[in-house]
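The values are calculated or read from the model by the stated rules, or taken from the named source; none is laboratory data. Please read these numbers as outputs of a predicted model, since none were measured by experiment. Glycine also receives a Cβ, built like all others from the backbone with ideal geometry; neighbour counts cover every protein chain displayed.
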Amino acid sequence: MSEDDEIVRLTAWVRGRVQGVGFRWWVRARALELGLAGSATNLRDGRVEVVAEGPRAGCRRLLEMLDGDVPGGVPGRPGAVTGVVDRWSAPRGEASGFRER
């Protein structure tokens, strides 16, 4: 198995104008397209916490799509991302599917 196929857990905290703009729905759609399981949750401080489990390559691609450093933003991504902090860890066995909380 290659490193890209290794099953991992990505937790990303996304800052910016990401609540009340359809951002969690957009994250869910991208994660499902990438075959990832997990959730996108609004936090009290205005951030969105994204937890995704699946192949490292898919998690890496989702993180790239969340990144606010893309000039002009990511096409079709709602809101405005100003920063992303990520943490990689061992998978915990997320249920299949992707939830918005």
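Given (1) surrounded by 16 or more Cβ atoms within 10 Å (Cβ to Cβ); (2) among the aliphatic types (A, V, I, L, M); (3) over 10 Å from Glu100 (Cα atoms), identify the lone condition not met by Val27.
Val27 satisfies all of (1) surrounded by 16 or more Cβ atoms within 10 Å (Cβ to Cβ); (2) among the aliphatic types (A, V, I, L, M); (3) over 10 Å from Glu100 (Cα atoms) except (3).
For the range 74-100, enumerate the residues that are modelled with pLDDT of 90 or more, among the aliphatic types (A, V, I, L, M) and closer than 25 Å to Gly20 by Cα.
If the condition is that a residue be modelled with pLDDT of 90 or more, among the aliphatic types (A, V, I, L, M) and closer than 25 Å to Gly20 by Cα, then Ala80, Val81, Val84, Val85 are the ones that fit.
Cβ contacts < 7 Å: first residue within 13 Å of Thr11 (Cβ to Cβ), restricted to the range 30-44; second residue surrounded by fewer than 18 Cβ atoms within 10 Å (Cβ to Cβ) and at pLDDT 95 or above, any location; separation 6+ or different chain. Result?
Thr41/Glu49; Leu43/Glu49
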